[in-house]
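What follows is one structure encoded as C-alpha cells, with my remarks underneath.
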C-alpha cells in the first residue's frame with residue numbers, strides 16, 4: 001500500500017519552511033551585533049570626519065577640511081606621515097608571521113616523542129595579552145638588565161638600546177608583535193594540515209613528489225583557506241597595532257614609533273587634542289587601507305577558484 005508523502009494542509013507555514021528559516025534564526029543575533037557594533041560605527045566615523053568636534057560641545061560642519069589637514073601634514077612629513085610610514089612597515093614585516101607559522105606547523109605536524117610539549121610551548125604566546133607581550137619585550141630590550149644586551153655583551157658587541165633609538169624602535173616593536181602573531185598563524189595551519197587529503201599526498205609520492213615539490217604542488221593548494229584567513233587577520237593586526245606601541249614606547253622616542261591607530265588616540269582622546277573629527281578622519285584612512293588589501297585578497301582567491 002503506497003504511503004502518501006504530501007504535506008497535510010493543516011501544517012503551518014513555519015513547519016513547511018523551517019529548514020530555510022532555522023539558519024537565519026541562528027544567524028540573526030550575530031548579524032545584529034555585527035551591524036550595531038561594526039557596520040553602523042563605520043558610517044558614523046565617516047560622518048564624524050566631516051565635522052569639527054571636541055566630544056562635548058556642538059559639532060561644526062567643516063566638510064573635507066580634516067582630510068586636507070591630513071594631506072598637508074603628510075606633505076610636511078609631520079606626525080601623520082610618520083604614522084603612515086610606520087604602518088606600511090608594520091604591514092610588510094608583519095606578513096613574515098605567515099611563512100613562519102607555516103613552517104612551525106609543518107614541524108609540529110609530526111608523530112614524534114614530546115610533540116605535545118613543543119605544541120604547548122609554541123601555542124603559549126597566543127594566549128598572552130598583547131599588553132603582557134609588550135611588557136615582556138620591554139624588559140627584554142632594557143639596556144640595563146635586558147637579555148638582549150646581556151647576550152650582545154657576551155659575544156663582544158656593544159649594548160643596543162632598541163626602544164631608545166628612532167631608527168630601531170619600530171623594528172623592535174614589530175618583532176615583539178611577530179611572536180604571538182606567528183603562534184596564531186601556526187594554529188591556523190595546524191588546523192588546515194589536519195584536513196589535508198592523505199590520498200593526494202600518497203599519489204604525489206607515487207609520482208615522485210617530495211620535499212619542496214610536495215609542499216608547493218600538493219599541500220599548499222589545500223591550505224589556501226587557512227592562508228587567506230592568516231593574511232586577513234595579519235593585515236588587520238598590523239594596521240591596528242595600538243596596544244604594543246602604547247605598552248612599549250607610548251609613541252616615543254619623539255613620536256618615531258607612532259602608528260595610525262595610536263596617533264588617532266592621541267589627537268582624539270588624549271590630553272593633546274580632543275579633535276574627534278580629525279581622529280575620525282584618521283580612522284577612515286586606516287579603514288580604507290585595510291579594505292583595499294582585504295578586497296585584493298578576496299578578488300585573488302575568487303579568480304583562482306574561478307580558474308579551477
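Couple of notes before you dig in:
- Modelled label positions at residue 200 and residue 165, each set 7 Å beyond Cα in the direction of Cβ, lie 4.6 nm from each other.
- Peptides 296-302, 216-222, 132-138, 168-174 ranked from most to least packed give 168-174, 132-138, 216-222, 296-302, packing being the mean of other C-beta atoms within 10 angstrom over each peptide's residues.
- Inter-site label distance for residue 44 and residue 61 at 7 Å from Cα along Cβ, in nm: 2.1
- From helices alone, the chain scores -20000 deg cm²/dmol at 222 nm; the rule is -39500 (n - 2.57) for each run of n ≥ 4 DSSP H residues, then divide by the residue total.
- Among 155, 259, 131: highest mean-square fluctuation, GNM of the chain, C-alpha pairs under 10 Å: 155
- Highest-fluctuation residue, 196, 82, 284 considered, GNM on the chain with Cα pairs under 10 Å: 196
- In percent, rounded to a whole number, the relative contact order of the chain is 26, using alpha-carbon pairs under 8 Å and six or more apart.
- Considering every alpha-carbon pair of segment 65-206, the percent of pairs per 5 Å bin, from zero through the bin containing the longest distance, is 2, 8, 12, 14, 15, 14, 12, 8, 6, 5, 3, 1, 0, 0.
- Order by protection proxy (mean Cβ within 10 Å, highest first), peptides 228-238, 110-120: 228-238, 110-120
- Choice from 268, 151, 280 with maximal GNM fluctuation in the chain (Cα, 10 Å cutoff): 151
- Over the chain, the hull volume per residue, using the convex hull of the C-alpha atoms, is 269 Å³.
A short reminder: the numbers here are calculations on the coordinates, not readings from a lab. Only a predicted model underlies this, so the values are computations on that prediction, with no experimental measurement involved. Note that we place each Cβ from the backbone using ideal geometry, even for glycine, and neighbour counts take in every protein chain shown.
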